[in-house]
Amino acid sequence: MSLVTQGREPRRQMVLRPQSGSKQVVTAVHASAVTVETGGRSEPAPRVPATRMTFIIHVQSVSPEGDVSYDFTLDAVDLLVQPGTSEQNVDAMRDSLAFLPGLTGKGTAGRRGNTLDLNLPASLEPQRRKELKELATALQFVGNPFPQEPIGVGARWEQPLYGSGPMAASGSASFELAAVAGERLTTRFLIQQTSREQPVPPEYQTRADGGERMMLRSQTKGETLFRLDRLWPARSEMEMRVQADLSSDKEDPPRRMRIITDVKIRLEEQEG
């Protein structure tokens with residue numbers, strides 16, 4: 001993480017310091033829509049339900065340096081079904097998420113790095129296990145959002161991103177401290193990532209000869225409200241667009257396809 005500008009006075013070091021033994025309940029609403037472009041035509045993919053997940057976070061301990069040990073439970077998963085969604089897609093989504101309520105994990109968050117481990121059932125299928133481990137990697141950024149230097153309103157900082165996995169995408173994340181009101185901080189962010197063009201990973205191939213190639217681009221932007229006495233954000237809204245460009249020159253005529261996925265996520269702390 002590198003500081004671009006410290007922002008205006010007054011400046012201070014921003015550190016999340018939740019109380020040991022405190023509890024936080026956060027809901028996360030996730031909605032997505034997919035569009036497929038091929039042969040000069042654009043068609044929306046069938047709708048799938050949005051989801052609302054409720055997390056319960058317990059802070060176990062906080063060190064003098066601000067390192068936090070915590071655990072969490074995914075307490076509930078609800079489907080938010082929009083008109084026009086097929087019952088088949090609703091049933092498929094419900095079946096795929098059935099094992100999630102009750103999922104637990106534990107982690108640490110602080111300036112010396114973050115860790116997060118999920119307690120996954122031994123019987124979990126490999127693909128689902130892989131997806132949840134990627135989720136755990138994303139959640140490792142919880143609790144370490146600010147630079148170490150004192151900052152004020154208008155401060156900007158950046159962090160390079162190094163992708164991993166079969167379609168690794170690298171890029172950068174930029175942040176701005178937009179407002180400070182006592183112990184409440186509002187930040188804005190822009191995250192951009194691009195992969196190199198490469199063969200389609202085996203799990204996504206539609207041709208046995210491996211003649212398909214793919215490139216990914218993604219952009220995420222949004223705003224987050226932090227409370228310095230909480231570990232997870234009090235509120236966060238983000239919009240993400242992922243564009244996958246696929247090609248197969250071994251077909252006649254060569255196939256070109258673009259899949260655009262638009263995602264909206266809203267996190268919100270529940271009072272009480």
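The values are calculated or read from the model by the stated rules, or taken from the named source; none is laboratory data. Please read all numbers here as calculations on a predicted model, not as lab measurements. Don't worry about glycine lacking a Cβ; one is built from the backbone with ideal geometry, like all the others, and counts go over all protein chains shown. When the accessible area is computed, the model is the full protein with side chains, heavy atoms only, and any ligands, DNA or RNA have been set aside. Shrake-Rupley method; radii C 1.70, N 1.55, O 1.52, S 1.80 Å.
Among the residues of the range 247-265, which ones are buried (at least 17 other Cβ atoms within 10 Å of the Cβ) and among the basic types (Lys, Arg)?
Residue satisfying the conditions is 255 alone.
When only residues in the range 164-195 that are over 30 Å from residue 17 (Cα atoms) and either at pLDDT below 90 or among the aliphatic types (A, V, I, L, M) (or both) count, which is surrounded by the fewest Cβ atoms within 10 Å (Cβ to Cβ)?
By that ranking, first place goes to 164.
Tell me which residues, restricted to the range 226-246, are open to solvent by 20 Å² or more (accessible area, probe 1.4 Å) and not in a loop (DSSP other than H, G, I, E, B).
Passing the criteria: 226, 227, 235, 237, 238, 239, 240, 241, 242, 243, 245, 246.
Quick check on this structure: which one of 37, 65, 87 is open to solvent by 50 Å² or more (accessible area, probe 1.4 Å) and closer than 24 Å to residue 230 by Cα? Spell out the reasoning first.
On the way: 37 fails: closer than 24 Å to residue 230 by Cα; 87 fails: closer than 24 Å to residue 230 by Cα.
Every option except 65 fails the conditions.
Anything in the range 207-225 that is among the charged types (D, E, K, R) and surrounded by 17 or more Cβ atoms within 10 Å (Cβ to Cβ)? List them, or say none.
212
Do we find a residue being within 30 Å of residue 253 (Cα to Cα), among the charged types (D, E, K, R) and open to solvent by 40 Å² or more (accessible area, probe 1.4 Å) anywhere in the range 11-34?
No, that holds for no residue.
Within the range 105-123, does at least one residue satisfy the condition of being within 22 Å of residue 267 (Cβ to Cβ), of a type in the set (A, V, I, L, M, F, W, C) and at pLDDT 90 or above?
No, because not a single residue in the range 105-123 is within 22 Å of residue 267 (Cβ to Cβ), of a type in the set (A, V, I, L, M, F, W, C) and at pLDDT 90 or above.
Going residue by residue through the range 11-32, is there one that turns out to be closer than 30 Å to residue 174 by Cβ, outside any strand (DSSP E or B) and modelled with pLDDT of 95 or more?
Yes: one or more hits.
Out of the residues in the range 1-10 that are outside any strand (DSSP E or B) and within 19 Å of residue 158 (Cα to Cα), state the one that is most open to solvent (accessible area, probe 1.4 Å).
Ranking the qualifying residues of the range 1-10, first place goes to 8.
Tell me, yes or no, whether the range 47-56 has at least one residue that is touching a Phe, Trp or Tyr at 6+ places or on another chain (Cβ under 8 Å), modelled with pLDDT of 90 or more and assigned to a strand (DSSP E or B).
The answer is yes, given that some residue of the range 47-56 is touching a Phe, Trp or Tyr at 6+ places or on another chain (Cβ under 8 Å), modelled with pLDDT of 90 or more and assigned to a strand (DSSP E or B).
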